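What follows is a set of notes on a single structure, which appears directly below.
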Amino acid sequence: MTIHSINGLSNEIPSLVCKAQSEYHYDYFKQFAIDICKHFMTTFCQVAYVKTYVQEVPWQRLHENGVPHIHSFICVPDGIRFCEAEQCRNGPLVVFAGIKDLKLMKTTQSGFEGFYKNEHTTLPERHDRILCGELFCKWSYGECKDFDFDCIWNKIRECILEAFSGPPDCGEYSPSYQKTVNSIQMLVLSKVSQVSSFFLLMFYLNNSEC
């Protein structure tokens, strides 16, 4: 979590976190980020701008023969969930959410063809290749409203996996990495009306990085 332009008020953060953990139950951690913004804006008149960043680390309790371990956990990242909330003095509260470090791979039905060619082009077209990438996605809800953030986040993640992979029984051919990125963006924007903007980066991973 980051707080900007607070003029030495960062010592407020630990006590605020402890109070939130002891007194409130958060169904989704976006509300915690929103409450941090509201706290600094309403408590300190000298604060001009607040931006909070919260991420969820995917720890899972270890199990042995179906028995949960008493104190040991394992980090099983299938994409790290994060959110941001920011507000300027006399401005609207704006909420962002996203997924980072999400690695996806297609072992077939991916190519690289139909790209622009000229006299300097040496790269041949490929009609079957492995596509492996690491995704960073961030979207905006615009002005904060009473959204079911958990439901929306899960729906967007489902759209990402659907557009990347296609139907489970037959898959879906993609002629390029760029087409895959565009398909993900278009599917999210068409199915999730609460999202006002969607930003996606997919870092291409070669075979040694997959």
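Any read-out appearing in this document is the output of simple, stated calculations on the displayed coordinates, not a laboratory observation. Values in this document were obtained by computation on a predicted structure and should not be read as measured data. Using ideal geometry, Cβ is built from the backbone for each residue, glycine included, and neighbour counts are taken over all protein chains shown.
Values for this structure:
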{"item": "Computed label-point distance, nm, for sites residue 105 and residue 43 using a 7 Å Cα→Cβ extension", "result": "4.7"}
{"item": "Inter-label distance, nm, simple model (7 Å from Cα along the C-beta direction), residue 147/residue 193", "result": "1.4"}
{"item": "Residue among 65, 170, 121 farthest towards the positive dipole end of the range 65-210, charges placed on Cβ", "result": "121"}
{"item": "Listed peptides 185-196, 52-63, 112-123 by packing density, highest first (mean Cβ within 10 Å)", "result": "185-196, 52-63, 112-123"}
{"item": "Cα-only Debye scattering, the range 40-139: base-10 log of I(q)/I(0) at q = 0.17, 0.20, 0.23, 0.24 Å⁻¹", "result": "-0.92, -1.03, -1.13, -1.16"}
{"item": "Restraint check, 117/191; 30/191; 155/179; 38/103; 38/179; 51/106, Cα-Cα greater than 31 Å", "result": "117/191; 38/103; 38/179; 51/106"}
{"item": "Table column - 3J(HN,Hα) (Hz), the range 94-105, Karplus curve with 6.51, -1.76, 1.60, x for Gly and Pro", "result": "10, 10, 10, 9, x, 9, 10, 6, 8, 9, 10, 9"}
{"item": "Percent of Cα pairs exceeding the 13 Å cut-off, where the set is the range 83-137", "result": "74"}
{"item": "Alpha-carbon Rg/Rh ratio, for the range 142-183, with Rh computed the Kirkwood way", "result": "1.14"}
{"item": "10 Å binning of all Cα-Cα separations within the range 107-210, expressed as whole percents from 0 upward", "result": "13, 40, 29, 14, 4, 0"}
{"item": "Prolate/oblate/rounded label for the range 32-95 (Cα gyration tensor, a/c 1.5)", "result": "prolate"}
